[in-house]
Structure formats: C-alpha cells, structure tokens
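Have a look at this one.
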Amino acid sequence: MGDSTRSHNSLVAIRGLSFARGDKKIFQDVSLYIERGKITAIMGPSGTGKTTLLKIIGGQLAPAKGSVMVDGKNVQRLRRAELFNLRKRIGMLFQSGALLTDMSVYDNVAFPLREHTRLPESMIRSLVLMKLQAVGLRGARSLMPNELSGGMARRVALARAIALDPMMIMYDEPFTGQDPISKGVLVHLIKSLNVTLGLTTIIVSHDVVETAHIADYIYVISDGKIIGEGTPEEIKHSTSPWVQQFMEGSADGPVHFHYPAKEFQNDLLATGKRY
Amino acid sequence: MDFFQHLGKETRGGFTKLGRGTFFLFYTLKGLFSIVVRPRLLLNQMYSVGVLSCLIIAISGLFVGMVLGLQGYYILSDFGAEETLGLMVAASLVRELGPVVSALLFAGRAGSALTAEIGLMKATEQLSGMEMMAVDPIKRIITPRFVAGFLSMPLLVGLFSAIGVLGGQMVGSGMLGVDEGAYWSQMQANIDFYDDIVNGFIKSLVFGFIVSWIALFEGYDTVPTSEGVSRATTRTVVNSAFSILGLDFILTALMFGDD
Amino acid sequence: MSQSNTQDTLVGLFVAAGIAGLFFLALQVSNLSSFTEQAGFTVTARFENSGGLKVKSLVSAAGVKVGQVSKITFDPKTFDSVVEMRIFSQYDNIPSDVSASIYTAGLLGEQYIGLGKGSSDEYLKQNSEIEFTNSAIILEKAISQFLFKSAEEKAEEKK
C-alpha cells in the first residue's frame with residue numbers, strides 16, 4: 001500500500017510533526033496517517049510519547065511544528081467552539097478510564113449525553129442501557145466507579161466514549177495491567193465496535209500480541225521517530241533489528257539493557273563519591 | 001550568589017503562578033452563565049461546601065461566643081461595667097471573630113476538600129477526560145464550586161455570629177447573672193448596622209471569594225501525583241490563612257479607620 | 001432521586017438558617033431597628049464647645065431617648081460648634097425654650113445631649129434653634145481649674 005493512497009483515504013493525517021517538552025524532544029518530523037474505518041496501532045516502548053500523540057490529535061497539546069488534520073480540519077487552527085465540536089465526534093479511552101468518581105456507572109455513561117444533547121431522560125436511559133449492553137455491563141449500572149475492577153472501569157469508559165456515536169475512537173494503552181480474560185474481552189470489544197459501528201480506531205499500546213491480533217496497520221515509534229510501519233504481517237517480518245527486538249521482547253538488542261553509564265570497572269573504582 | 005539566584009527564581013515562580021491564577025479566575029468567572037442555565041450544579045455544590053460546613057461553624061460559634069462571655073465578664077466586672085458585656089461580645093463577633101474564624105474554619109473544612117477533590121480529578125485524568133468529551137471542566141466543575149463557596153461564606157458567618165451572640169448571652173446572663181435586658185440594649189445601642197454588620201458582611205464576601213479561589217486554583221494547578229495533591233491541600237490551608245488574616249487587617253484599616 | 005431531594009432540603013435549610021442569622025444580626029444585634037423606623041425633624045444648637053459629642057450620640061430628655069445627633073460643624077465666625085440633631089417626630093411638643101446641655105454618661109462614658117425644662121407655648125419644629133446651651137465639661141479643664149483654685153486657696157491660707 002503506497003503512502004499516497006493512505007494519505008488520500010485518511011481520517012487523521014499528521015505531517016512533519018515535532019514536539020518537545022522542555023529540552024526533551026518527544027517527536028521529530030513524524031508523519032503518519034490513520035485510515036478511515038480501520039484499526040491503526042501506534043506501538044513503541046513506554047515513555048515514547050504515545051499518549052502525547054493522542055493528546056495532540058485531540059487538540060489538548062499543540063505541536064511545535066507540523067500539521068495535524070482530523071477529518072479535513074487542521075486541529076491547531078480551530079477555534080475553541082469548533083474544536084469542541086470536533087471532540088464530540090472523537091471518543092477517547094484513557095489509560096485509567098477517567099470515570100467521574102462522584103457518579104454511578106449509569107450517570108457516567110449518561111454524562112456526555114446530558115452535557116451535549118437535550119434528549120428527554122427516558123431516551124437517555126434507552127441509549128445508556130444500549131451502550132452498557134454493548135460492553136456487557138448493563139447489570140452494573142448502579143455501581144460506583146470505586147466498586148469496579150480495572151477491566152470493568154475500562155469497559156464503562158468505553159461505553160461512555162461511544163455514547164455520542166463518534167466517528168473515531170482513540171484507546172490509550174487499553175490492555176495495560178489487565179488479566180488475560182479482561183484483555184480478551186477488550187480485544188473482542190475493540191474489534192467488534194470497529195466492525196459493527198464502522199469506527200475508525202487508533203490504539204496506542206506496547207502489548208504486542210493483542211494489538212497485532214486486531215490491528216490493520218501498525219506504526220512503531222522509538223526515540224521520536226517512526227522506525228517501522230506496515231501490516232502486522234509486514235512488521236513481523238521486518239528487517240529492522242529494533243522492530244524485531246520490540247516484537248520479540250528480547251532483553252538486549254539495539255535497545256540496550258543498560259542505561260547509558262560509564263565503564264563499570266571505572267565506576268566501581270571511583271571511591272569517595274556518594275553516587 | 002546562590003541565595004539571590006534562588007530568590008529570583010522563587011519570585012519569578014510566584015509571579016507566574018499569580019498570572020496563572022488570574023487567568024484561572026477569569027475563566028472561572030466567564031463560566032458564570034452556565035450556572036444560570038443549570039442551577040442544579042450549584043445546588044449540589046452548596047450542599048458539599050455549605051451544608052457540610054454548618055456543623056463545625058455552629059459549634060465553633062457557640063463556643064467562641066461562650067468564651068467571649070466568660071472572658072468579657074471577668075474583665076468588665078473589674079470596671080463595674082458588666083452591663084456592656086453584650087456590646088463586647090457582639091462587637092468582637094460581628095467585626096472580627098465572625099468573619100475571620102469562620103473563614104479559617106471554612107478554609108480548613110471546605111477549602112482543603114475542594115483542593116483535594118480537584119487535585120485528584122486531575123491526577124486521575126478526569127479533567128482531561130472531560131476536555132476530550134468536549135466538556136469545559138472549568139465551566140462544569142470549577143465555576144459551580146466557586147460560586148457555592150462565595151455564597152456560602154456570608155451565610156456561614158451569619159450563622160457563626162448569631163450563634164456566638166446567643167452563646168455569650170447564655171453564659172453572661174444565664175450563668176453569671178448579667179441583666180438580660182442590659183445585654184441586648186447595650187448591644188443594640190452601640191452596634192451600628194452599616195459600620196459593623198455591613199462591614200462584617202463585606203469581609204465575609206471577600207474571604208469567601210479569596211478562599212474559594214485559592215482552594216480551586218491550588219487543586220487545578222496540582223502536580224498530578226499523590227504527593228502533589230497532599231502538598232496542594234496544605235498550601236490551600238496555609239495560603240488561605242495568610243490571605244484571610246492579611247486582608248482582614250487591610251479591610252479593618254479601611255473600614256474602621258476613620259472613626 | 002430521593003437522595004437529591006434530601007440534599008435540596010438540607011441546602012434550603014442551610015440557606016434559610018444563614019439568612020436568618022444575618023437578619024438576627026441586623027435586627028436584634030444592631031441599631032438598625034431603632035433608627036430606620038423613626039421619622040423626625042432637625043433642630044440645631046450652638047455650643048461653645050461640643051467636647052466628645054459624636055454623630056449618633058444620644059439626645060435625651062429626662063433620661064428618655066428623644067433623638068440623636070446627626071451632624072456637627074464648626075462655625076468659624078463665632079467659633080461655635082453647631083450641632084444638628086434629629087428629634088423623633090412623636091416628640092413634637094417640646095417647648096422651644098428648652099436648654100440643651102452636654103453631659104457625660106458615667107465617669108468615662110459617652111457624651112450626650114440632655115434637654116432641660118422649658119415653658120414656652122411654642123414647640124420645637126423643623127430647623128428651629130435651641131438658644132440656651134451649656135457646653136461640655138472638659139475634664140482636663142475642670143481638673144486644672146480645680147487644682148489652680150486649691151493652690152490659690154492654699155497660698156492665701158499661708159498669708
């Protein structure tokens with residue numbers, strides 16, 4: 001698949017993106033495209049700014065250079081009201097779930113509906129129950145967020161994220177810290193929502209197996225650059241040793257086991273210093 | 001040199017924080033209209049900010065009034081002026097202790113709770129999540145709490161002072177035998193509505209404003225970790241106390257300085 | 001829903017209690033009730049020295065509060081202190097030739113105006129002036145006079 005066709009059919013197009021936090025460069029000249037109706041995964045080790053990327057797409061952070069187009073609109077150029085209108089059409093699932101802790105499951109899912117629509121309470125009820133049914137938690141509607149397990153909290157957050165029937169949904173590390181069953185449930189949910197609702201999906205993750213299982217296209221990011229991209233099959237057979245190490249999960253390789261330090265022997269002999 | 005560098009850094013930090021705080025206040029006030037549209041948001045916050053502070057305010061008011069009654073009686077009886085006990089209790093309460101002590105208690109009870117709540121919402125990405133749901137967290141979360149704090153304060157002060165005056169009367173004429181009629185008439189003859197009551201009321205509004213602002217801003221400006229939240233909560237109480245006492249001095253000088 | 005109803009009730013109670021407290025302070029603790037309902041008329045009196053008299057000081061006749069001082073000014077021509085006082089309208093039958101004196105309530109207490117007796121058929125009304133006045137006793141003056149006098153007396157005794 002050529003780059004031109006991807007950019008042509010993309011819902012999100014990021015071109016020449018650079019972003020820095022203080023002196024630390026998070027992204028350098030990154031370009032990537034998220035295709036409509038497909039599941040695109042952005043993978044890479046922890047601390048490579050994957051969450052930052054989602055925040056840039058959502059317009060919460062502004063890049064230093066480059067452009068971010070979502071559905072043909074330049075996110076950074078939008079006025080506040082326009083940006084909010086765009087966000088209504090984007091669902092985002094935070095790593096922690098980000099449920100509002102002072103409301104029940106039901107009220108959490110109803111929250112975006114009540115904020116953005118003037119629907120009667122009876123219709124909100126039907127919608128909320130539908131969304132909760134989709135994630136299999138219709139029976140847990142009266143629980144408070146602190147009574148939920150991590151996996152359930154994420155599913156409630158997912159129901160909330162799709163409450164307004166968005167065109168796109170972004171998952172921030174959906175599998176992290178989940179037991180195998182929860183992982184399986186989430187994998188199944190992400191895939192089925194993508195298929196049944198035709199949702200464009202972005203997954204940011206470092207869980208190789210689950211992500212590769214459902215993704216249509218994968219970008220691998222490290223040190224602020226894209227070092228590999230392609231379908232899961234292509235990525236698996238990538239010639240880049242770095243991508244190989246990441247996909248295999250080997251302890252040593254291009255990414256060294258040791259944090260950069262001076263020679264071990266010299267360090268031991270340097271007495272008289274506290275560190 | 002290190003000292004001056006440190007001082008300069010601190011000063012710069014203080015000023016940028018003040019700047020952020022001012023913008024924060026500006027956006028908070030900009031959201032006022034949303035309360036008019038949805039009074040329920042305000043009502044819920046009046047409960048957690050106002051109603052839940054009632055008990056501590058009422059009990060403290062009662063004891064402060066009773067102590068004033070006792071202390072005042074012992075001092076005044078030395079001069080044979082027990083009859084002016086009512087005046088002394090009411091003047092201290094209405095002018096100073098009512099607004100100041102209520103505001104300090106309010107900062108400890110409601111202010112710290114607000115900071116912790118907002119700080120935790122930030123730490124658990126709830127504010128960020130709201131933003132991504134196209135809901136302005138300042139309008140939805142901050143403004144109702146701010147207005148609730150601002151409105152609750154004068155009500156709490158009214159409660160505090162009124163209960164204090166009654167507490168003073170309870171001790172003064174109930175236990176120590178000051179004439180009840182003299183207690184009230186001395187008070188009424190010398191407490192001025194505009195000079196004392198209205199000025200005390202203005203103080204309470206100012207304190208309500210400043211404590212709510214500090215508490216919410218500290219919460220919103222928290223470093224989103226558990227340590228950050230705990231530091232922010234402490235800062236709320238300390239900064240509120242400083243601001244209350246400092247402003248009280250300035251307001252007193254402005255209000256009661258002329259006569 | 002019932003939970004939010006109790007919450008509403010409690011908020012209502014809180015607001016009512018707070019406002020009741022403020023009203024209590026305004027009506028029961030302060031002088032609001034005593035001077036807002038009182039209509040009256042203004043009379044003036046000239047004193048050689050009005051001492052520690054202040055605006056809102058009491059005006060009494062035979063120990064009964066009949067009004068309060070509303071304004072005190074200095075007349076640079078006559079070097080008098082011009083005191084305006086507001087007499088409550090129900091006392092519209094005070095003879096116009098009453099005297100006004102400045103007294104002190106207690107040794108260190110507040111100063112007030114005491115109205116004396118009069119016999120005229122005409123009554124005080126808006127803008128009338130009280131002609132007979134006794135100035136405030138200035139404590140320092142009185143003490144120094146007393147000391148001066150007693151020193152003089154002692155000196156005479158020695159002679």
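Output the residues belonging to the range A:229-247 that are hydroxyl-bearing (Ser, Thr, Tyr) and surrounded by fewer than 18 Cβ atoms within 10 Å (Cβ to Cβ).
A:231, A:239, A:240
Tell me, which residue of the range B:88-111 that is small (Gly, Ala, Ser) and more than 18 Å from residue B:55 (Cβ to Cβ) is farthest from the other protein chains (Cβ to nearest Cβ)?
B:92
Could I ask something else about it? Working carefully through the options B:67, B:37, B:51, find the one that is surrounded by 17 or more Cβ atoms within 10 Å (Cβ to Cβ) and aliphatic (A, V, I, L, M). Even if it seems obvious, please write down each step before you answer.
Values: B:67 fails: surrounded by 17 or more Cβ atoms within 10 Å (Cβ to Cβ); B:37 fails: surrounded by 17 or more Cβ atoms within 10 Å (Cβ to Cβ).
Only one candidate qualifies: B:51.
Give the range B:207-233 a look and list any residue that's among the acidic types (Asp, Glu) and open to solvent by 50 Å² or more (accessible area, probe 1.4 Å), or say none. Full working, then the answer.
Here is the first cut: in the range B:207-233, the ones among the acidic types (Asp, Glu) are B:218, B:221, B:227.
If the condition is that a residue be among the acidic types (Asp, Glu) and open to solvent by 50 Å² or more (accessible area, probe 1.4 Å), then B:227 is the only one that fits.
So which helices (runs of 4 or more DSSP H) are wholly in the range B:1-70 and hold at least 2 residues that are away from every other protein chain (no Cβ under 12 Å)?
Details: elements: B:2-30, B:32-37, B:39-45.
In the range B:1-70, the matching helices (runs of 4 or more DSSP H) lie at B:2-30, B:32-37.
Restricting attention to the range B:72-87, does a residue exist that is more than 14 Å from chain C (Cβ to nearest Cβ) and in contact (Cβ under 8 Å) with a residue 60 or more places away in the chain?
Yes, the range B:72-87 has at least one match.
Would you check if there is a residue in the range B:195-206 being at pLDDT below 95, in contact with a strand residue (DSSP E or B) (Cβ under 9 Å, 6 or more places away or on another chain) and either open to solvent by less than 10 Å² (accessible area, probe 1.4 Å) or facing chain C (nearest Cβ under 9 Å) (or both)?
No, the range B:195-206 contains no residue that is at pLDDT below 95, in contact with a strand residue (DSSP E or B) (Cβ under 9 Å, 6 or more places away or on another chain) and either open to solvent by less than 10 Å² (accessible area, probe 1.4 Å) or facing chain C (nearest Cβ under 9 Å) (or both).
Return the pairs, sorted by first residue and then second, in which the second residue is of a type outside the set (Asp, Glu), the first residue lies in the range B:11-27 and is open to solvent by less than 70 Å² (accessible area, probe 1.4 Å), the beta carbons are less than 6 Å apart, and the residues are 6+ apart or on different chains.
Here the result reads B:21/B:217; B:24/B:217; B:25/B:213, each pair linking the range B:11-27 to a residue that is of a type outside the set (Asp, Glu).
For residue B:102, work out the one condition from (1) modelled with pLDDT of 90 or more; (2) of a type in the set (Ser, Thr, Tyr); (3) out of contact with any Phe, Trp or Tyr (no Cβ under 7 Å at 6 or more places or on another chain) it doesn't fulfil.
All conditions pass for residue B:102, except number (3).
Can you name every residue in the range B:78-120 that is of a type in the set (A, V, I, L, M, F, W, C) and open to solvent by 20 Å² or more (accessible area, probe 1.4 Å)?
B:79, B:81, B:87, B:88, B:91, B:97, B:101, B:104, B:105, B:113, B:116, B:120
If residue C:114 satisfies all but one of (1) open to solvent by less than 40 Å² (accessible area, probe 1.4 Å); (2) not in a strand (DSSP E or B), what's the number of the condition it fails?
Just one mismatch for residue C:114, condition (2).
Mind telling me which of the residues A:175, A:111 ends up being at pLDDT below 90 and in contact with a Lys or Arg (Cβ under 7 Å, 6 or more places away or on another chain)? So that I can check it myself, show each step before the final result.
Details: A:111 fails: at pLDDT below 90.
Answer to the selection: A:175.
Kindly provide the set of residues from the range A:144-153 that are assigned to a helix (DSSP H, G or I), surrounded by 17 or more Cβ atoms within 10 Å (Cβ to Cβ) and at pLDDT 85 or above, ordered by number.
Scanning the range A:144-153 gives A:145, A:152, A:153.
Restricting the search to the range B:54-64, which residues are in contact (Cβ under 8 Å) with a residue 60 or more places away in the chain and either open to solvent by 60 Å² or more (accessible area, probe 1.4 Å) or closer than 15 Å to residue B:91 by Cβ (or both)?
Residues satisfying the conditions are B:63, B:64.
What strands (runs of 3 or more DSSP E), lying completely within the range A:1-96, carry at least 1 residues that are open to solvent by 70 Å² or more (accessible area, probe 1.4 Å) and more than 14 Å from every other protein chain (Cβ to nearest Cβ)?
Once the strands (runs of 3 or more DSSP E) in the range A:1-96 are filtered for at least 1 residues that are open to solvent by 70 Å² or more (accessible area, probe 1.4 Å) and more than 14 Å from every other protein chain (Cβ to nearest Cβ), what remains is A:10-21, A:24-35, A:65-70.
Let me ask you something else. How many of the residues making up the range B:234-259 are open to solvent by 30 Å² or more (accessible area, probe 1.4 Å) and among the hydroxyl-bearing types (Ser, Thr, Tyr)?
The total comes to 3.
Does the range A:252-265 contain at least one residue that is touching a Ser or Thr at 6+ places or on another chain (Cβ under 9 Å) and surrounded by 11 or more Cβ atoms within 10 Å (Cβ to Cβ)?
Our first condition is that a residue be touching a Ser or Thr at 6+ places or on another chain (Cβ under 9 Å); within the range A:252-265, this holds for A:254-255.
Still in the running and surrounded by 11 or more Cβ atoms within 10 Å (Cβ to Cβ): A:254-255.
Yes, the range A:252-265 contains a residue that is touching a Ser or Thr at 6+ places or on another chain (Cβ under 9 Å) and surrounded by 11 or more Cβ atoms within 10 Å (Cβ to Cβ).
Please count how many residues of the range B:161-209 are free of Cβ contacts under 8 Å to residues at least 40 places away in the same chain and under 30 Å from residue B:145 (Cα atoms).
2
Can you tell me which condition residue C:121 does not meet? The list is (1) in a strand (DSSP E or B); (2) over 10 Å from the mean Cα position of the chain (by Cα), and all the others hold.
(1)
A quick yes/no check of all residues on (1) of a type in the set (Phe, Trp, Tyr); (2) open to solvent by less than 30 Å² (accessible area, probe 1.4 Å); (3) more than 14 Å from every other protein chain (Cβ to nearest Cβ); (4) in a helix (DSSP H, G or I):
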| site | (1), (2), (3), (4) |
| --- | --- |
| A:142 | no, no, no, no |
| A:155 | no, no, yes, yes |
| A:164 | no, no, no, no |
| A:170 | no, yes, no, no |
| A:183 | no, no, yes, yes |
| A:187 | no, yes, yes, yes |
| A:211 | no, yes, yes, yes |
| A:221 | no, yes, yes, no |
| A:227 | no, no, yes, no |
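Now a separate question. Kindly list the number of the only condition in (1) closer than 30 Å to residue B:16 by Cβ; (2) within 14 Å of chain C (Cβ to nearest Cβ); (3) of a type outside the set (S, T, N, Q) that fails for residue B:181.
(1)
Return the residue satisfying two criteria in turn: it lies in the range A:97-117 and is among the hydroxyl-bearing types (Ser, Thr, Tyr) and farther than 18 Å from residue A:166 by Cα, and of such residues it is farthest from the other protein chains (Cβ to nearest Cβ).
The extreme case among them is A:106.
Out of the residues in the range A:118-140 that are without any contact (Cβ under 8 Å) to a residue 12 or more places away in the chain and within 14 Å of chain B (Cβ to nearest Cβ), state the one that is surrounded by the most Cβ atoms within 10 Å (Cβ to Cβ).
Selected residue: A:121.
The values are calculated or read from the model by the stated rules, or taken from the named source; none is laboratory data. Given the structure is predicted, the values throughout are model-derived calculations rather than measurements. Virtual Cβ from ideal backbone geometry, glycine too; neighbours counted across all protein chains shown. All accessible areas refer to the heavy atoms of the entire protein, side chains included, with ligands and DNA or RNA removed. Shrake-Rupley method; radii C 1.70, N 1.55, O 1.52, S 1.80 Å.
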